[in-house]
Amino acid sequence: MRPIPTSVRVGYRTYTIEDWPTKHATSANRYGEVAHGPRVIRVDTTHGALQAAETLLHEIMHCICVMWCRDDDAAEEKTVSIMSTGLATVWHDNPDVMAWITEGIAEGRANACIS
């Protein structure tokens, strides 16, 4: 697997992505975290590519929730956990579908108000 990307853009915000040292992740009892003030996403990549990818997707989904003003933290965590795991599973099991979606998005312009 390629090295983890160094940044991701969510709306008008750019988050730096850092490889999170395992000892810090373990002491926090998490695979990843996001700090919205400094706009940093940290991911422990030592648990394999699938876990790292799902964790990055999970943290990006938190950024999406913050960007588009979701305020209920408990509901946000549950929703993000369900959706990131589900989406990672669909992505893993259907690479041709995800490639098609990626190409379609790259050719068009994603709209922030997609329903």
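The values are calculated or read from the model by the stated rules, or taken from the named source; none is laboratory data. On a predicted model such as this, the values are computed, not experimentally measured, just so you know. With ideal geometry, Cβ positions are generated from the backbone for all residues, glycine too; neighbour counts draw on all protein chains shown.
Out of the residues in region 42-57 that are surrounded by 16 or more Cβ atoms within 10 Å (Cβ to Cβ) and polar (S, T, N, Q), which is nearest to Cys69 (Cα to Cα)?
Going through the qualifying residues, I end up with Thr55.
Are there any pairs, at least 6 apart or on different chains, whose C-beta atoms fall under 9 Å, with the first in region 22-41 and within 16 Å of Leu56 (Cα to Cα) and the second among the basic types (Lys, Arg) and at pLDDT below 95, and if so, which?
Within 9 Å, the pairs are His36/Arg13; Arg39/Arg13.
Ala74: at pLDDT below 95, surrounded by 19 or more Cβ atoms within 10 Å (Cβ to Cβ), part of a helix (DSSP H, G or I) and among the hydrophobic types (A, V, I, L, M, F, W, C), yes or no?
In short, no.
I'd like the full set of residues that are basic (Lys, Arg) and either in contact with a strand residue (DSSP E or B) (Cβ under 7 Å, 6 or more places away or on another chain) or exposed (fewer than 13 other Cβ atoms within 10 Å of the Cβ) (or both), limited to region 9-41.
Correct list: Arg9, Arg13, Lys23, Arg39.
Determine, yes or no, whether Thr6 is of a type in the set (S, T, N, Q), touching a residue at least 24 places away in the same chain (Cβ under 8 Å) and either surrounded by fewer than 19 Cβ atoms within 10 Å (Cβ to Cβ) or within 19 Å of Asp73 (Cα to Cα) (or both).
No.
Of a type outside the set (Phe, Trp, Tyr) and either in a loop (DSSP other than H, G, I, E, B) or over 23 Å from Trp91 (Cβ atoms) (or both): is that true of Cys63 in this structure?
no
Inspect region 77-98 for any residue being loosely packed, with under 14 Cβ neighbours inside 10 Å, touching a helix residue (DSSP H, G or I) at 6+ places or on another chain (Cβ under 9 Å) and aliphatic (A, V, I, L, M) and give the result as yes or no.
Checked against the condition, which is being loosely packed, with under 14 Cβ neighbours inside 10 Å, touching a helix residue (DSSP H, G or I) at 6+ places or on another chain (Cβ under 9 Å) and aliphatic (A, V, I, L, M), region 77-98 yields at least one hit.
Looking for whichever is at negative phi, aliphatic (A, V, I, L, M), part of a loop (DSSP other than H, G, I, E, B) and at pLDDT below 90 here; the options are Ala110, Ala88. Which one fits?
Being at negative phi, aliphatic (A, V, I, L, M), part of a loop (DSSP other than H, G, I, E, B) and at pLDDT below 90 holds for just one of Ala110, Ala88, which is Ala110.
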